[in-house]
Amino acid sequence: MLKKFYRPFSRKLLPSILCSALLLTAMFAAPAGSSSAADPVRVFPGAEGFGVDSPAGRGGTVIKVTNLNADGPGSLKAALAAKGPRIIVFEVGGVIDLNRQTLEISEPFVTIAGQTAPSPGITLIRGGMRISTHDVLMKHIRFRMGDAGAAKGSGYEPDVSTYGANAYNIVIDHCSFAWGVDETLSASGPRFNGTSGTSRKLTFSNNIIAEGLHDSVHKKGPHSMGTLIHDYVTDAAIVGNLFAHNYERNPWFKGFASGVVVNNVIHNPGKWAIRLGYVPGEWTSSSITPQGPKVSVVGNYMKHGANTVSGLGLVGTNSNSGEAYMDDNTALNRSGQAVPLTFGGVKTLSSKPSWPSAGLTVRRSSEVLTYVTQHAGARPKDRDSVDKRIVSETLNGTGKLLNSQNEVGGYPKATPVYRKLTVPSNGIDEWLHQFSLELE
């Protein structure tokens, strides 16, 4: 275990530690698997959004990842495939080369505690992840997907996505995603199966979602995308993230979707920043009359960059089908002049159509650039060179769309680092939270 884990707590950490202790006292006072309906235990102390009352892997088996292999005993893949509630911790830090695999999470009730890895943490390259089950928490993991050397237009399309009817109560917090080819981080499922047939009750918070590859290996050609909230996905919270250098989908809520977009920073969007609306032609094969999404858009900050269409507004639609409650958003061109907050027929609402029942801590849009660039992404106090560069470009108004990871130095390399963990028999939630406090 890290020696610094035992050092006396600083006064700066004391308020958050006391808050965590109160939350954990309430948790351990409740019977296993139960919580008060009025005051549910959060998936981690301070979690806010939808699905945050999930237990994830709490109370389950602790599984240690002991190597950086793509599969086999001691690997992350093996830990994800294990059955039953489980908490995955890491006795190794470095790079896991997935060699074009997509990691599958199909067994529910899992906590992926990337914060437990020794510096430089865990980075997954040349592959993605699909979450098709429920009650999942993932923190402090980096994904650097990239083209993996595939031929241009070949159809190799890695991303990280939730998918299907069983994908609910999912929280992805303080992770970093770059160089996705389909999307970069998304919530999806079948188009016509209704709200119970697709992803729902999920939170993407405090992540870096950046540099979706543009003219690359996607079979459709140019396709630089950030986050898609697919048709019928409901209760999706997009909170405190940094979106940078994605041509579209920063994020995009499609037909019937609902959720909140709060306190995000959007740097150098291309054709769209926040997009709302369905695609009419995608519904002609069904008997369903599509409806637009309804989203609460609060306290976001967007600034144009090198690839942004002139005059682009913050929230738009091209099918007159998006509805949004708008409050305290900032949208600027490269010169710092205001651009429209809505365009294309977005209907503005007088009250929030969607909001987490437990509420959200909302910062003013004037504070968001500083806050998000300091706090977003995996291990913000121990960032890798990719995240450092993206944050610097966001603050300086520089950077551009990428066609390949090779334009910015290629895939990261790291010498494996090992450290034995002594996992406590009691109080594992607080033990995990202390690792997070050291990094956040």
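All of the numbers you see were taken from the coordinates with simple rules; none came from a lab. Everything quoted here is computed from the prediction, not taken from an experiment. Glycine gets a Cβ as well: all are built from the backbone with ideal geometry, and neighbour counts include every protein chain shown.
Only lysine pairs 8 or more places apart or on separate chains count here, and in the range 249-366 those with Cα atoms under 16 Å apart total 5. Available extension along the chain between Asn193 and Lys83 is 36.9 nm, counting 0.36 nm per residue and deducting the alpha carbon span. For the pair Ser357 and Asn403, the difference between a 0.36 nm per residue extended length and the Cα-Cα distance amounts to 12.5 nm.
Estimated purely from DSSP H runs of n ≥ 4, each contributing -39500 (n - 2.57), the mean residue ellipticity at 222 nm for the chain is -4000 deg cm²/dmol once divided by its residues. The order of Val62, Val315, going from fewest to most other C-beta atoms within 10 Å of their C-beta, is Val62, Val315.
Assuming a ≥ b ≥ c are the square roots of the Cα gyration tensor eigenvalues, decide whether the range 258-374 counts as rounded (a/c under 1.5), prolate (otherwise, with a/b larger than b/c) or oblate. Cα axes put the range 258-374 in the oblate bin. Going by alpha carbons, how many degrees (0 to 90, nearest 10) lie between the helix axis of 385-396 and the longest principal axis of the chain? Once rounded, one gets 40 degrees.
The mean sequence distance of close C-alpha pairs (under 8 Å, at least 6 residues apart), as a share of the length of the range 84-225, puts its relative contact order at 21 percent. Put a dot 7 Å past the Cα of Gln337, heading toward its Cβ, do the same for Ser310, and the two dots end up 1.1 nm apart. Taken over the range 336-439, the alpha-carbon convex hull comes to 207 cubic angstrom per residue. What angle, in degrees between 0 and 90 and rounded to the nearest 10, separates the Cα long axis of helix 428-439 from the longest principal axis of the Cα atoms of the chain? For 428-439 against the chain, the angle is about 60 degrees. Put +1 on the Cβ of every Lys and Arg and -1 on every Asp and Glu Cβ in the range 298-388; which of Met302, Val346, Val372 then has its Cα farthest towards the positive end of the dipole? Positive-end residue among those listed: Val372. Around Gly240, what is the net charge, scoring Lys/Arg as +1 and Asp/Glu as -1 over all other residues with Cβ under 13 Å from its Cβ? Once positives and negatives cancel, what remains is -3.
Charged side chains reduced to their Cβ positions (Lys and Arg at +1, Asp and Glu at -1) give the chain a dipole of some 660 debye around its Cα centre.
Pairwise Cα distances in the range 109-193 exceed 16 Å in 56 percent of cases. Using the Cβ-Cβ distance between Ser119 and Ser366 with R0 set to 35 Å, the FRET efficiency works out to roughly 0.60.
For Lys400, a cut-off of 17 angstrom between C-alpha atoms picks up these aspartates and glutamates, skipping any fewer than 8 places away in its own chain: Glu211, Asp215, Glu248, Asp387. Note on the chain: with a GNM built from Cα contacts shorter than 10 Å, the maximum mean-square fluctuation among Pro356, Pro424, Pro290 falls on Pro424. Helix 14-29 and the longest principal axis of the C-alpha atoms of the chain enclose an angle of approximately 70°.
Add +1 for every Lys or Arg and -1 for every Asp or Glu among the other residues with Cβ under 13 Å from the Cβ of Arg363, and state the total. That works out to -3. Between Lys388 and Asn318, take the C-beta separation as r, use R0 = 30 Å, and let me know the FRET efficiency to the nearest 0.05. Calculated transfer efficiency: 0.25. For Asp182, the shell of other residues with beta-carbons less than 10 Å away shows a net charge of -1, using +1 for Lys and Arg and -1 for Asp and Glu.
Taking every Cα-Cα distance in the chain and sorting them into 20 Å bins starting at zero, the pair-distance distribution P(r) comes out as 27, 61, 12, 0 percent. For the chain, the relative contact order works out to 13 percent when only alpha carbon pairs closer than 8 Å and six or more residues apart are counted.
Modelled spin labels at Lys420 and Glu282, positioned 7 Å past Cα toward Cβ, are 5.2 nm from each other.
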